[in-house]
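Throughout, read-outs are computed from the coordinates displayed, never taken from laboratory work. Just so we're clear, the structure is a prediction, and the values are computed from it rather than from any experiment. Virtual Cβ from ideal backbone geometry, glycine too; neighbours counted across all protein chains shown.
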Amino acid sequence: MDVWVDKPKCTGCHHCFDVCPVAVFEMRSRKDLAAANADNAPEAMKWTGKSEQQVIDKWGSVQDGHKHFADESDGTSGGISVGVNGSSCILCQACLIECEGECIHITDDTGTTYQSVYK
Ligand code: SF4
Ligand code: SF4
């Protein structure tokens, strides 16, 4: 399985990190471009330091108890998600329904692709 995150859409909500049973995701600093781009996201979806305006408009002012678009993780939210361990993915799809930014992409071994849709 290959798992990667469309970085400009990631809010840093930690939901993927929290629900994944096999630790596919790590939360990284938004200030460290190399670390934030350590999965196989295609060039147009890599982190360049700028979030997508449409996602900021949707989530930037939402008060739901966790940070959005913070540079660093405080252990509960913030930072940016990276699919560092896609080979362990068991396709449980928990992350796909929890992802605020609808920005998780998974490709299985047959080439079938899956993308997150927020419930
Ligand atoms: S679908 Fe894969 S990456 Fe997503 S939560 Fe399940 S095991 Fe983790
Ligand atoms: S669930 Fe989606 S928006 Fe939230 S941190 Fe993970 S990839 Fe980013």
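Look at the alpha carbon pairs under 8 Å that are at least 6 residues apart: their mean separation over the length of the range 2-115 gives a relative contact order of 43 percent.
Charge tally around Arg30: other residues with Cβ under 12 Å, Lys/Arg +1 each, Asp/Glu -1 each, net +2. Pairs of lysines in the range 2-115 whose Cα atoms sit within less than 12 Å of one another amount to 6, provided the residues are eight or more positions apart or on different chains. The residues neighbouring Asn85, those whose beta-carbon lies less than 14 Å from its own, together hold a net charge of -2 under the Lys/Arg +1, Asp/Glu -1 convention. When the alpha-carbon atoms of the range 45-90 are used, the pair Rg, Dmax equals 12.7, 35 angstrom.
Taking the chain as a Gaussian network of alpha-carbon nodes connected by springs under 10 Å, the highest mean-square fluctuation of the residues Lys58, Lys46, Lys31 belongs to Lys58. Near Val55: Cβ cut-off under 9 Å, other residues only, Lys/Arg at +1 and Asp/Glu at -1. The net charge is -2.
Most fluctuating residue of Ser77, Ser29, Ser88 in a GNM of the chain with Cα springs under 10 Å: which is it? Of Ser77, Ser29, Ser88, the most mobile in the Gaussian network model is Ser88.
Work from the charge dipole of the range 2-115 (Cβ charges, +1 for Lys and Arg, -1 for Asp and Glu, about the Cα centre) and give the residue of Val55, Thr113, Cys89 farthest towards its positive end. Result: Val55, furthest along the dipole toward the positive end. Taking the chain as a whole, the Cys residues whose C-beta sits 4.7 Å or farther from every other Cys C-beta are Cys10, Cys13, Cys20, Cys89, Cys92, Cys99, Cys103. Of the residues Glu98, Glu72, Glu43, the one that moves most in a GNM of the chain with alpha-carbon contacts below 10 Å is Glu43. With contributions of -39500 (n - 2.57) from each DSSP H run of at least four residues, the per-residue ellipticity at 222 nm computed over the chain stands at -3500 deg cm²/dmol.
Calculated from the alpha-carbon coordinates, the chain shows an Rg and a Dmax of 12.9, 40 Å respectively.
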